[in-house]
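Right, one structure below, let's go through it.
The values are calculated or read from the model by the stated rules, or taken from the named source; none is laboratory data. What you see is a predicted model; the values in this text were computed from it and never measured. All Cβ positions, even for glycine, are placed from backbone atoms using ideal geometry, and neighbour counts span all protein chains on display. Heavy atoms of the whole protein, side chains included, go into the accessibility calculation; ligands, DNA and RNA do not. Shrake-Rupley method; radii C 1.70, N 1.55, O 1.52, S 1.80 Å.
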Amino acid sequence: MSDANLTAHPGRLRASNLLWTVAAVAVLLVVVAGLTLIFGRTGERIAVQMCVNVVAVVALAIYCGNTGIVSFGHGAFLALGAYLSGILTMPAGLQRSALPDLPTFLVGHETTIWVSLPVAALAGLGFAALTGSAIARLVGASATIATLGLLIIAHGVAIAAREITRGSQTFYGVPRVTDLALALGAAVVAILLARWYRESRWGLFARAARDDADAATSLGIYARRTRFLSWCASGALAAVAGALYGHMLGAFSPASFYLGLVFAQVVMMIVGGMASVGGAVVGVIAVTLLQDTVRQFEGGATVLGITLPEVFGLTTIVLGLAILLVIWARPQGIVGGFELGPGADANVFKRLTAGVTLASPPEPVAPATLKASDLSKSFAGVKAVQGVSFEAPTGRVTGLIGPNGAGKSTLVNLLTRAYQADSGSAEMGETDLTRVAHHKIPNHGVSRSFQNLRLFSGLTAYENVFVAALAAGHDRKTAAAITLRELDAFDLSDVAGFRADGLPYGARKRLEIARALAQDPKILLLDEPAAGMNPSETDDLADRLVEVSQTRGIGILLIDHDLRFVNRLSDWIVVMHQGAVIAQGTPEDVRSDPKVIEAYIGKGRTAQKAAISETNQTQPTEDLSS
Ligand code: ADP
Ligand code: MG
């Protein structure tokens, strides 16, 4: 496709992203201004603390929000930044008395923080790269536990490295240079960076892999790398937050960066909503204000003539109750999934894309053939696929039918390297796909949909397709135009701004196909695309698939239980039964094949063969479940 026929304006799409960034910054500015104007020096102190926490929590959310993994390990980056920046900026004389055994390469730099902050960021990046190579291999609870392990180890190292940290004693002499201007400026920069990362190619890839790692991999996204990059970006910024924190306190110890601080920051992130940058900001503000308000009453107070008793630990109790309340009322946090990509609803999306023209259809693809030769796969003795050979060339719809459990989905998984074949090959031109890494399959012109919906549920319909186009290697502008083209081809333009998990079932099924097509495949593997659709939706889908296959000349391997649908589209039908191909040929040949009739309706019931020849026969719905 040439760039000349593309006139999409990703700039407009970006406008709404900018809006969210501005909103997050504006909320922070209003609160900071309010605090300093109303409460004077006390307010300013709280505001500085709040802004430093914004940097730390936004940094934390770069990893947690984009990968969906909660981290307790960020205290390690905070400590690294604080100690390193402290040592680099400390007056030389003070350093000689406080840290007499400091390694020579750290001695006597006495720099300003404008030098120490970038150094802290680099150190954070390096430390993240080192630890991330292991942590990025993990997902879910095991990743969280690994981050907790990291925190515990870092804490132990900080106590043991007495020459550098003074051990568990207070580390003092750090210039207290984190004033309101610096903290606020850093918070704004952190918000901008986090928003930028979130909407960037890598942020989108990470969020796609977060929502469905297998589906992301099938689009060519290497899930582990997305987690690694998010960890590195997050670690670098967290080290800067730590440095600012250190320069705010002036004196600290390893305990300052341990569970207490880390838990507080994780709570801020979860209360605000970890999936969004705005959530991190709102969470910090809400928790900080609550904390400081309640603290006033901790030692007892008189409100409206009523004398309140002194309650020890009141702050912690109220904070705990507030967290329970938020999680009960809004499990996704205060901001939750509110912060979306391009357009939070259909109208916003329409306005954003007004005047944007679609990419013209791609040139018909070069002829190619996906060829399975003698493919086999067993699961603990169950021969799911045995010795299957067939061809799916471009320019043809190849139907693949067979009763439930025949091995159709397993075959698709073998062709796309989601499963490793026991034997046999799947060739696309000269390449044997069974030897290609799972995430590199799309490079060979093969895309797929899944039998059970596997959309990126936290992304909008637009982003679901956009991320696929980006993963195919297109720049943002081309990817935007392709996205609009595919959304239009599958009647999804009106719902483009909605989250995928909020769409009606039929639209979700179509969205999965649009997502696969955004990669401009030569061969498209569709695993039961019409399952669960009503007859009119099925007809509509058939029309759209005919249009796509004719104009683009791609090959489709179409699996479905709706034989009327398969017959209408397919030029060639392959029939599987108990893992093996039992017949293939034109729809007419296959329909009258005794083996096929037997497989479908069983021995001795051939009198019912009219039922299968009857083209509007559909399998009972219980057969669609596997
Ligand atoms: P179809 O898609 O034709 O309904 P499948 O390919 O889903 O059939 O299943 C074929 C056989 O392989 C079934 O017996 C199924 O239980 C088995 N199977 C498929 N995937 C797996 C898996 N990941 N682990 C174990 N068994 C599997
Ligand atoms: Mg199946």
Legend entry - Set F466, F450: member being in a helix (DSSP H, G or I), open to solvent by 10 Å² or more (accessible area, probe 1.4 Å) and under 21 Å from R544 (Cβ atoms): F466
Inset, instruction - Identify all residues within the stretch 177-198 that are touching a helix residue (DSSP H, G or I) at 6+ places or on another chain (Cβ under 6 Å) and part of a loop (DSSP other than H, G, I, E, B); write none if there are none. - result: V177, T178
Legend entry - Residue satisfying all of: in the stretch 155-176; of a type in the set (V, I, T) and assigned to a helix (DSSP H, G or I); most open to solvent (accessible area, probe 1.4 Å) among these: V157
Legend entry - Candidates L487, L503, L525, filtered to the one that is in contact with a Ser or Thr (Cβ under 6 Å, 6 or more places away or on another chain) and open to solvent by less than 20 Å² (accessible area, probe 1.4 Å): L487
Inset, instruction - Being open to solvent by less than 10 Å² (accessible area, probe 1.4 Å), among the aromatic types (F, W, Y) and out of contact with any strand residue (DSSP E or B) (no Cβ under 8 Å at 6 or more places or on another chain) is the filter here, so list the residues in the stretch 221-267 that pass it. - result: W231, F257
Inset, instruction - Tell me which of these A215 doesn't satisfy, since it passes every other one: (1) open to solvent by 10 Å² or more (accessible area, probe 1.4 Å); (2) modelled with pLDDT of 95 or more; (3) out of contact with any Phe, Trp or Tyr (no Cβ under 6 Å at 6 or more places or on another chain). - result: (1)
Legend entry - Qualifying position, being at pLDDT 95 or above and within 16 Å of ligand 1 (Cβ to nearest atom), among L511, L526: L526
Inset, instruction - Six or more apart or on different chains, Cβ under 7 Å: which pairs go from a residue in the stretch 295-319 that's of a type in the set (V, I, T) to one that's open to solvent by 90 Å² or more (accessible area, probe 1.4 Å)? Could you list them? - result: T315/R295
Inset, instruction - Give the residue that is modelled with the lowest pLDDT, with candidates limited to residues of the stretch 287-313 that are part of a helix (DSSP H, G or I) and open to solvent by 40 Å² or more (accessible area, probe 1.4 Å). - result: E298
Inset, instruction - Scan the stretch 29-48 and give yes if some residue there is under 22 Å from the mean Cα position of the chain (by Cα) and not aromatic (F, W, Y), otherwise no. - result: no
Inset, instruction - Return yes when A134 is part of a helix (DSSP H, G or I), buried (at least 16 other Cβ atoms within 10 Å of the Cβ) and among the small types (G, A, S) and no when it is not. - result: no
Legend entry - From T478, T416, T460, residue being within 16 Å of ligand 2 (Cβ to nearest atom) and surrounded by 20 or more Cβ atoms within 10 Å (Cβ to Cβ): T416
Inset, instruction - Having 1 or more residues that are more than 21 Å from G585 (Cβ to Cβ) and not hydroxyl-bearing (S, T, Y) is the bar; report the strands (runs of 3 or more DSSP E) wholly within the stretch 368-428 that clear it. - result: 369-379, 382-393, 423-428
Inset, instruction - Scan the stretch 429-476 residue by residue and report those that are within 16 Å of ligand 1 (Cβ to nearest atom) and touching a residue at least 60 places away in the same chain (Cβ under 8 Å). - result: H438, R448, S449, F450, Q451, R454
Inset, instruction - Among what's in the stretch 571-587 and is open to solvent by less than 10 Å² (accessible area, probe 1.4 Å) and closer than 24 Å to T538 by Cα, pick the residue that is nearest to ligand 1 (Cβ to nearest atom). - result: M576
Legend entry - Residue count for the stretch 387-413, restricted to those that are open to solvent by 50 Å² or more (accessible area, probe 1.4 Å), under 16 Å from V575 (Cβ atoms) and away from ligand 2 (no atom under 16 Å from the Cβ): 2
Legend entry - Condition met for A275 (open to solvent by less than 50 Å² (accessible area, probe 1.4 Å), under 20 Å from V54 (Cα atoms), part of a loop (DSSP other than H, G, I, E, B) and in the same structural domain as G203 (by TED's automatic domain parsing)): yes
Legend entry - Test result for G424, assigned by TED's automatic domain parsing to the domain that holds L558, within 13 Å of ligand 1 (Cβ to nearest atom) and more than 25 Å from A471 (Cβ to Cβ): no
Legend entry - Cβ-Cβ under 9 Å pairs, at least 6 apart or on other chains, the stretch 135-162 side over 24 Å from T226 (Cβ atoms), far side surrounded by fewer than 16 Cβ atoms within 10 Å (Cβ to Cβ) and charged (D, E, K, R): R162/D101
Inset, instruction - Take the stretch 490-508 and flag every residue that is among the hydrophobic types (A, V, I, L, M, F, W, C) and not in a loop (DSSP other than H, G, I, E, B). - result: V495, A500, A507
Inset, instruction - For T36, state whether it is more than 30 Å from R224 (Cα to Cα), among the hydroxyl-bearing types (S, T, Y), buried (at least 16 other Cβ atoms within 10 Å of the Cβ) and at pLDDT 95 or above. - result: no
